[in-house]
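The values are calculated or read from the model by the stated rules, or taken from the named source; none is laboratory data. The structure presented is a predicted model; accordingly, all values stated were derived computationally and were not measured. Cβ: placed from backbone, ideal geometry, glycine included. Neighbour counts: every protein chain shown. In case anyone asks, the SASA skips ligands and DNA or RNA and just uses the protein heavy atoms, side chains included. Shrake-Rupley method; radii C 1.70, N 1.55, O 1.52, S 1.80 Å.
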Amino acid sequence: MHTAILKHITDFYESAIFVYCAGLFLFYILLAVLSLIAIRRSLWKNKIRGQQMLVASPLTPGISVIAPAYNEGVTIISNVRSLLALNYPRFEVVIVNDGSKDDTLQKLIDEFELTEVNFAYRQQIPSQAVKRFFKSTNPAYSKLLVLDKVNGKSKADAVNAGINASSFNYFLNTDVDCILARDTLLKLIKPFMDDPQRVIATGAPLRAANSCDVEAGVITRVRVPRSLLPRFQEMEYIRSYLLGKMGWTFINAVPNVSGGLGLFDKDIVIKSGGYDPGSFGEDMDMVVRMCRYMCEQDLPYRIHYIPETLCWTEVPATYKIFFRQRVRWARGLAQIFGKHRKVLFNPKYKKLGLIIFPYNFFFELLAPLIEFAGIIYYIYIIVNHLINWDYAIILLVFIYTFSILITSLSMLWDQLIFRYYQSWKEVWQLCILALAEPFIYHPTVLFCAIRGYFNQLTGKKHTWGNMQRQGFNQSPNLQKTI
């Protein structure tokens, strides 16, 4: 009797796992198809409207580029130069020194000839106090504004201070460790100007800057990261942005705009309360609150993603920093569902409540828990000789083959359309790495997710810490002149 009941439970669980996996795979296939359509449509629109029209037009809106900095002395100068070199007619660069303990502020003062100034600062959203404001005495750096504030223990607090100090109606949220393409602002502002509905945010893919050649704050050669951990992250980023975010863009259901690169409507951000310094996933939380505000006011809106990579960021190169980052991300996702739980399945919130939140709940939040439970389950039935090896092997081979197929398709697709890498050898290196991802990288991400959920459930205090930068490779031409 006991054996029969156990067999029924086993059959039910295996069937449920199969249905869950099939549903997830169908979603991936649908997103891949929608992504292809969205990418082709975006590239076609860019051919019709040239960027020079925006550069020359007096109607081009101004943009404030906001970049928080905490102990970024290693890369701060090259990164700020990169931001100042953006190709756009009306913009400012707002660097928020968030109580750095290293020489970040002093390097900025020395390099850009900064002096303390009086500034009309209006605090529209909460943040820690700003102690000083700096502007350059050199007209060449007139676009640069530096804030020196009390440390807020989160990026969100620093961004809020930058928003309060910003001059324009749109702001770009980025990190000082990011290197942006020169036409970033031109490409991100287009959806705001072209779409008949109100666009509240736009984003674009990020890539790993590790091992890329950089000269004067500009990427001169895109390379696949040499180290294994950053290389896995490069592969993950390409797959996530190219097949994920672009697919969601097609149906106007983008779930998140990365904090590394996002252009926002400042008015909606302020009305939504600004960034939450207590959130572990402040980027997604901000987008959710913006969408909630628009739905509650019954205002139509859109969030766009464009397919071109416009931002290169230094991803974690050590497992210690990687663990800390991914545990925080997982904790942030769990926190968002607790904080915005009334959105789930609520028709009042339209696509946010009926598409975005259900997908993220079942296939993002629950996925690590289901997978972890599946591992425990398979260990149990193997030990007790209850496993159906034929079924188990077929399921595992199917999952493994599908994951490699999706990842390889993303890598090949990216190279065929955009050709960021100079040689196909680099692309094949990423494709081959996909063979090892399920055994090396994915279990690490799974462990971080479970740890993040546990920390959120137990209320464990989180130390934000700081990612130690290694700096960027200088291109050979620049090295010769030093």
Taking the condition among the hydrophobic types (A, V, I, L, M, F, W, C), in contact with a Cys (Cβ under 6 Å, 6 or more places away or on another chain) and more than 18 Å from residue 276 (Cα to Cα), does residue 352 pass? yes
Taking helices (runs of 4 or more DSSP H) that fall entirely within segment 342-448, which contain at least 1 residues that are touching a helix residue (DSSP H, G or I) at 6+ places or on another chain (Cβ under 9 Å), of a type outside the set (D, E, K, R) and open to solvent by 70 Å² or more (accessible area, probe 1.4 Å)? 366-383, 389-418, 424-436
If we scan segment 323-331, do we find a residue that is more than 14 Å from the chain's Cα centre (by Cα), among the hydrophobic types (A, V, I, L, M, F, W, C) and open to solvent by 30 Å² or more (accessible area, probe 1.4 Å)? yes
Taking the stated definitions as given, is residue 337 open to solvent by 50 Å² or more (accessible area, probe 1.4 Å), in contact (Cβ under 8 Å) with a residue 12 or more places away in the chain and over 25 Å from residue 439 (Cα atoms)? no
For the list (1) within 20 Å of the chain's Cα centre (by Cα); (2) closer than 30 Å to residue 130 by Cα; (3) not aromatic (Phe, Trp, Tyr), I need the number of the one condition that residue 161 fails. (1)
Per the filter on segment 280-302, residues farther than 25 Å from residue 459 by Cβ and either open to solvent by 40 Å² or more (accessible area, probe 1.4 Å) or acidic (Asp, Glu) (or both) are 293, 296, 297, 298, 299, 300, 302
Which members of segment 312-364 meet the condition of being of a type in the set (Val, Ile, Thr) and within 22 Å of residue 302 (Cα to Cα)? 336, 343, 355, 356
Pairs returned, first residue in segment 350-379 that is closer than 30 Å to residue 392 by Cβ, second residue that is buried (at least 17 other Cβ atoms within 10 Å of the Cβ) and among the charged types (D, E, K, R), beta-carbon separation under 9 angstrom, 6 or more apart or interchain, are 377/14
Criterion first (within 27 Å of residue 42 (Cβ to Cβ), of a type outside the set (D, E, K, R) and within 20 Å of the chain's Cα centre (by Cα)) does residue 179 satisfy it? yes
When (1) modelled with pLDDT of 95 or more; (2) outside any helix (DSSP H, G or I) are applied to residue 316, the one that fails is (1)
Can you give me the ranges of the strands (runs of 3 or more DSSP E) entirely in segment 108-189 with at least 1 residues that are of a type outside the set (A, V, I, L, M) and open to solvent by 20 Å² or more (accessible area, probe 1.4 Å)? 114-117, 130-136, 170-174
In segment 295-322, what residues are touching a Lys or Arg at 6+ places or on another chain (Cβ under 8 Å) and hydrophobic (A, V, I, L, M, F, W, C)? 295, 299, 306, 310, 311, 312
Given (1) surrounded by fewer than 24 Cβ atoms within 10 Å (Cβ to Cβ); (2) over 29 Å from residue 455 (Cβ atoms), where does residue 249 come up short, assuming only one miss? (1)
When you go through (1) under 29 Å from residue 214 (Cα atoms); (2) out of contact with any Ser or Thr (no Cβ under 9 Å at 6 or more places or on another chain); (3) small (Gly, Ala, Ser) one by one for residue 129, which number turns out not to apply? (1)
